[in-house]
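A short write-up of the structure that comes next.
The values are calculated or read from the model by the stated rules, or taken from the named source; none is laboratory data. Note that the structure is a prediction, hence the values are computed from the model and not measured. As a convention, Cβ positions derive from the backbone with ideal geometry for all residues, glycine included, and neighbour counts pool all protein chains shown. What goes into the accessible areas is simple: the full protein's heavy atoms, side chains included, and nothing from ligands, DNA or RNA. Shrake-Rupley method; radii C 1.70, N 1.55, O 1.52, S 1.80 Å.
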Amino acid sequence: MSIWIDISQRLDEHVATWPGDAPFSYKVSWSKEQSGSVNVGQINMSVHTGTHIDAPFHFDNEGKRVIDLDLNLYIGSSRVVHLPNKTSIGVKELANHDLQGVTRLLIRTDAWKDRHVFPQTIPHIQPELAAYLSGLGIRLLGLDLPSVDPLDSKELSAHHQLAGHGIHILEGLVLDDIDPGNYELAALPLPIVEADGSPVRAVLKKIP
């Protein structure tokens, strides 16, 4: 019987955050001693901490917010491909991979070695890849990286191109021990109505 594999980053004080963004913290704000019955915790974090999805409102004031996104795209069959030692990822890097019939594509780059430290550079997505993926029917792109764009980008061309082609974005996955192949994916965002993104608990189960 296949088991679900957690591909989410752990959320604690060691999780890396974007420079200048809110650090993660958890505390018991109402203790069992105070309440007489329970411990009640409180968290503070950016919605882009750890493993998370981007909603188009993140980079477009007129874009959809988390509550407007199609939940069906975050659950279902997916394909994991392994693209190590790349400086960027475009059509050429994926041309030899059979992606026919794939709706959810997860790319393992192995580029983020220590997730307690925010990376200096990443193999970003080339903007023209969006049209190629859309032509294949891909609707969700997931990466083991904190962004699809270069970390110093202000234009966020890949974000805009992916959204413009109807492709959802899933970032910060932990794919280190995941072999290429077909999996069931579940990575549901929280129903935060006004949000530009959401943390997810992402899991995979191997398809025989």
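A few remarks follow.
- Heavy-atom accessible surface of L204, to the nearest 10 Å², is about 0 Å², with a 1.4 Å probe and all protein chains retained.
- Computed lengthening from H97 to D110, 0.36 nm per intervening residue step minus Cα-Cα distance: 2.9 nm
- When only the Cβ of Lys, Arg, Asp and Glu is charged (+1, +1, -1, -1), the dipole of segment 34-182 relative to its Cα centre reaches about 140 debye.
- Local electrostatic count, S46, Cβ distance below 13 Å [Lys/Arg +1, Asp/Glu -1]: -4
- Charged neighbours of A187, selected by a Cβ distance under 10 Å, balance to +2 (K, R count +1; D, E count -1).
- Over 25 Å between alpha carbons, listed pairs K64/K154; K27/K154; K86/K113: K27/K154
- ³J(HN,Hα) computed for each position of segment 56-65 - Karplus, 6.51 cos²θ - 1.76 cosθ + 1.60, integer Hz, glycine/proline x: x, 4, 4, 10, 8, 4, 9, x, 5, 9
- Fraction of antiparallel bridges per DSSP, the chain only, in percent to nearest 5: 65 percent
- Largest accessible area first, the residues D149, D68, D177 order themselves as D177, D68, D149 under a 1.4 Å probe with ligands, DNA and RNA left out.
- For the chain, a Gaussian network of Cα nodes joined below 10 Å ranks S157, S25, S77 by mean-square fluctuation, and the top entry is S25.
- With N the number of residues in segment 1-83, Rg(Cα) / (2.2 N^0.38 Å) evaluates to 1.49.
- Å² per residue, accessible surface of the chain at 1.4 Å: 52 Å²
- Hull shadow area, averaged, the chain [alpha-carbon convex hull, nm²]: 13.2 nm²
- Sorting V148, V47 by accessible area puts them as V47, V148; the probe is 1.4 Å, largest comes first, and only protein heavy atoms count.
- Annotation: amide H-H contacts under 5 Å for V200 (H modelled 1.01 Å from N, sequence separation of 5 or more, or interchain): T51, H52, I53.
- Counting heavy atoms of the protein chains alone, L151 has an accessible area of about 40 Å² for a 1.4 Å probe.
- Candidates T17, T49, T121: whichever shows maximal mean-square fluctuation once the chain is modelled as a Gaussian network with Cα springs under 10 Å: T121
- Using a probe radius of 1.4 angstrom, the carbon and sulfur fraction of the accessible surface of the chain is 51%.
- Sorting H52, H124, H116, H58 by accessible area puts them as H116, H58, H124, H52; the probe is 1.4 Å, largest comes first, and only protein heavy atoms count.
- Segment 143-181 versus segment 1-44: alpha-carbon centroid distance in Å: 24 Å
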